[in-house]
Amino acid sequence: MAQIEQSDNGGKKKKGAQKKIAIHVDFTPMVDMNMLLITFFMLCTTMIKSQTLQLALPSNEKVENQNKNQTKASEAITMILDTEYDAKTGEPMINENGSTKHVIYYYEGKPDSATVKQESFLGNAKGEFQGIRKILSDRNKEVLKKYVVLKQEWRDGKITKEEFDKKSRENASDSTLKRPVVIIKPGPNATYEALINAVDEMQINQISRYNIELPNATDSALIAKFKGEAPAPAPAN
Amino acid sequence: MGKVKIKRKSTLIDMTAMSDVTVLLLTFFMLTSTFLAKEPTVVNTPSSVSEEKVPMYNLVTILVSGKDKPGKEGNPATEGKVFISFCGDQDSTYSSEKVRELVLKEAVGMYNKEHPSNQITLTDQEIKTFTSLNMFGVPFAGLKQYLALDQEKRDKFQGNMADPAVGIPINDNKDYDKGLNDFQIWMKAVYFVSMNLRDEQVGNLGVEKGSEEEKQMQNLYNALKRSGQAIAVKADKNTPYSTVQKVFDNLQTMKLNKFTLMTALKSEEEQSAN
């Protein structure tokens, strides 16, 4: 391929004719250089783009107390996030599966030290929701039931992705269904990841009404009391 | 018996085909690559199940630095430094450079109004330098000095998170109308610029409101106010929430209460079965 052969004159060699040399072009250095360049570009590119998580917070304007939206106690779940730190190194504790150890103290309805429970982000195991995800999905099962149907329709190709997105959004904010209101309160020790995990759970469980607040004195007292009463928390696995 | 003749084969391997392939690959990588924008500090974003991609254009990225080393070894002074980067439209009149220039002028004007005794004036050269910057994080007071440095020194200066002169001040968060801090001035400037772009375009060209053309012109504004996609907060997963919350709080004061958080994609097994 890389050689250029000059044609013979009918195979008959004339005397005194110039010697025909096959011209070879060696492409090896060219390949070497190209490989180097490819390596450079491969290392410099970002193939995976970052994902984003949408967040809407209320504005900081002062709202008159009586105008504040009050959540029905029967619908409310308050999650207080906490992260455990290694006392020696000061780094967040790591679970066996490599994720950071976050603890969620949650109560339903009004703050009451008797109803506080402890959970963690466990994700799924054996196709079942675990940990806090299970609790939230139980509270939002009416929405989730319809969501599963919608998702199946989309997977079967009955509706397009856009329709699915629109319908699941409508479904998540359908006021005729029984839906919880989740108040996420990242505690003083909680890392940024704990918050993202909590907001993620909202997405997974199709909870449209959630708010992020800072814990108040009542919450701190509640947690302190809870921690005092339950010195050995159940190990998360 | 005749001798067995061993044919001498040339060991030359024809590299032409190989070269063809590598050139093709090279072209592919050259065309698809978007270079990693240089950031003053590396942050490890937390992962989430959200599959929305971060927009490439019309984006304001707010980077919140984490500790230089994890745990107790880390210097707490390096945590929570704020950096901003502006990115304009892809290929229109409002490219990144243009948007940066507009925002800078607007922001400096606002700063001078707020601090009449401590005014700053930038030369054309300094403004030009600013438009080529990807990410910056210095208070207004140190901006002139910072822009006077050459690139290498600038990166070095900005890379030193422990320096109190690095990072855009976000403390001292007050009401919207009075006493904005540096970070809030930048955000307000972005908001004003995006609004001006929209109004100017619509006013000058007599484009009908609600038409397709108008929509294209107010990209930044729309992304900023309506969909909240123009502001992306990027922070390390091990940064305490209280640090990141300061940035959120500032944004809330600026009534930019819709924004996005940059995350990595969670592994497949985590999101399955739902």
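The values are calculated or read from the model by the stated rules, or taken from the named source; none is laboratory data. A quick note: this is a predicted structure, and the numbers were derived from the prediction, not measured. Methodologically, a virtual Cβ is constructed for each residue, glycine included, from the backbone with ideal geometry; neighbour enumeration extends over all protein chains shown. These accessible areas exclude ligands, DNA and RNA; they are computed on the full protein's heavy atoms, side chains included. Shrake-Rupley method; radii C 1.70, N 1.55, O 1.52, S 1.80 Å.
What the table shows:
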{"quantity": "Residues of segment B:225-263 satisfying the condition of being more than 18 Å from residue B:82 (Cβ to Cβ) and either at pLDDT 80 or above or not in a loop (DSSP other than H, G, I, E, B) (or both)", "calculated": "B:225, B:226, B:255, B:258, B:263"}
{"quantity": "Qualifying helices (runs of 4 or more DSSP H) (wholly inside segment A:69-176; at least 3 residues being under 21 Å from residue B:50 (Cα atoms), open to solvent by 40 Å² or more (accessible area, probe 1.4 Å) and free of Cβ contacts under 8 Å to residues at least 60 places away in the same chain)", "calculated": "A:141-155, A:161-172"}
{"quantity": "Selection status of residue A:201, open to solvent by less than 70 Å² (accessible area, probe 1.4 Å), closer than 30 Å to residue A:86 by Cβ, part of a helix (DSSP H, G or I) and at pLDDT 85 or above", "calculated": "yes"}
{"quantity": "All positions within segment B:67-91 that are open to solvent by 10 Å² or more (accessible area, probe 1.4 Å), part of a loop (DSSP other than H, G, I, E, B) and touching a residue at least 40 places away in the same chain (Cβ under 8 Å)", "calculated": "B:67, B:68, B:70, B:75, B:79, B:80, B:81, B:89"}
{"quantity": "From B:34, B:22, B:61, residue being farther than 22 Å from residue A:190 by Cα, at the interface with another protein chain (Cβ under 7 Å from one of its Cβ atoms) and surrounded by 14 or more Cβ atoms within 10 Å (Cβ to Cβ)", "calculated": "B:22"}
{"quantity": "Output for segment B:44-58, where each listed residue is facing chain A (nearest Cβ under 10 Å) and either charged (D, E, K, R) or open to solvent by less than 60 Å² (accessible area, probe 1.4 Å) (or both)", "calculated": "B:45, B:46, B:47, B:48, B:49, B:50, B:51, B:52, B:53, B:54, B:55"}
{"quantity": "Output for segment A:189-209, where each listed residue is within 11 Å of chain B (Cβ to nearest Cβ) and among the charged types (D, E, K, R)", "calculated": "A:193, A:200, A:201"}
{"quantity": "Which listed residue is within 14 Å of chain B (Cβ to nearest Cβ), buried (at least 20 other Cβ atoms within 10 Å of the Cβ) and at pLDDT below 85, from A:186, A:215", "calculated": "A:215"}
{"quantity": "Residue A:132 among the hydrophobic types (A, V, I, L, M, F, W, C) and either within 30 Å of residue B:66 (Cα to Cα) or within 14 Å of chain B (Cβ to nearest Cβ) (or both)", "calculated": "yes"}
{"quantity": "Which numbered condition residue B:49 fails, given (1) among the hydrophobic types (A, V, I, L, M, F, W, C); (2) more than 16 Å from residue B:247 (Cβ to Cβ); (3) at pLDDT 80 or above; (4) out of contact with any helix residue (DSSP H, G or I) (no Cβ under 9 Å at 6 or more places or on another chain)", "calculated": "(4)"}
{"quantity": "Given (1) among the acidic types (Asp, Glu); (2) part of a helix (DSSP H, G or I); (3) open to solvent by 60 Å² or more (accessible area, probe 1.4 Å), index of the condition residue B:14 fails", "calculated": "(2)"}
{"quantity": "Matching residues, segment B:97-139, being under 15 Å from the mean Cα position of the chain (by Cα), open to solvent by 20 Å² or more (accessible area, probe 1.4 Å) and among the hydroxyl-bearing types (Ser, Thr, Tyr)", "calculated": "B:132"}
{"quantity": "Checklist (1) open to solvent by less than 80 Å² (accessible area, probe 1.4 Å); (2) at pLDDT below 85; (3) within 30 Å of residue A:87 (Cα to Cα) applied to residue A:191, failing item", "calculated": "(2)"}
{"quantity": "The listed residue being away from chain B (no Cβ under 14 Å) and at pLDDT below 85, out of A:161, A:167, A:126, A:227", "calculated": "A:227"}
{"quantity": "Yes/no for residue B:215 being modelled with pLDDT under 85, surrounded by fewer than 21 Cβ atoms within 10 Å (Cβ to Cβ) and assigned to a loop (DSSP other than H, G, I, E, B)", "calculated": "no"}
